[in-house]
Amino acid sequence: MTIFEGDHQPPNLPDALTTWFAKNDEVLRTRGITAELRHSPEDGRLKNSAWLTMEAGNRVAQITVWNSGEAELDFVDLGSGDNRPEHRDLKTEQELHALVGSILDWIVLGTNG
């Protein structure tokens, strides 16, 4: 487990999200989930990000992660019009993977999130 404190750096969450997406994109598609991964431009910024948008039925969720460990989530139910943003501070790739799992549960099953 990678934990950062003091001088330690957080894991590179944009890279971790990219790796997760590369491994799971085909599985998502076979389950009827549309997903798109995008990255901030590599223009010398100290804070790079990646964001993943996933959609199934009337539910859409987007997670944006920065190399600082910050994460922003947006859950939208297109049927009801409900929108719920959240902020998280992630310290490990495992926390990122658990969060993506919760997002998938919400999109597919209507739970968690």
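Readers should treat all values here as calculations from the given coordinates under stated rules, not as data from a laboratory. Since the structure is predicted, the reported quantities are computational estimates derived from the model, not experimental observations. Counting neighbours? That spans all protein chains shown, and the Cβs are built from the backbone with ideal geometry, glycine included.
Tabulated data
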| item | result |
| --- | --- |
| Per-region count, segment 31-70, residues surrounded by 15 or more Cβ atoms within 10 Å (Cβ to Cβ) and in contact (Cβ under 8 Å) with a residue 60 or more places away in the chain | 2 |
| Residues of segment 71-90 classified as in contact (Cβ under 8 Å) with a residue 24 or more places away in the chain and either crowded, with 18+ Cβ neighbours inside 10 Å or not basic (Lys, Arg) (or both), total | 4 |
| Residues of segment 74-96 satisfying the condition of being in contact with a helix residue (DSSP H, G or I) (Cβ under 7 Å, 6 or more places away or on another chain), under 20 Å from Ala35 (Cα atoms) and part of a strand (DSSP E or B) | Phe75 |
| Matching residues, segment 29-68, being part of a strand (DSSP E or B), among the small types (Gly, Ala, Ser) and under 20 Å from Arg84 (Cα atoms) | Ala35, Ala50, Ala56, Ala61 |
| Candidates Leu96, Leu78 - the one that is under 10 Å from the mean Cα position of the chain (by Cα) and among the aliphatic types (A, V, I, L, M) | Leu96 |
| Criterion violated by Ser49 - all others in (1) out of contact with any Phe, Trp or Tyr (no Cβ under 9 Å at 6 or more places or on another chain); (2) within 18 Å of Trp20 (Cα to Cα) satisfied | (1) |
| Test: residue in segment 55-64 that is of a type in the set (Asp, Glu) and over 20 Å from Asn24 (Cα atoms) | no |
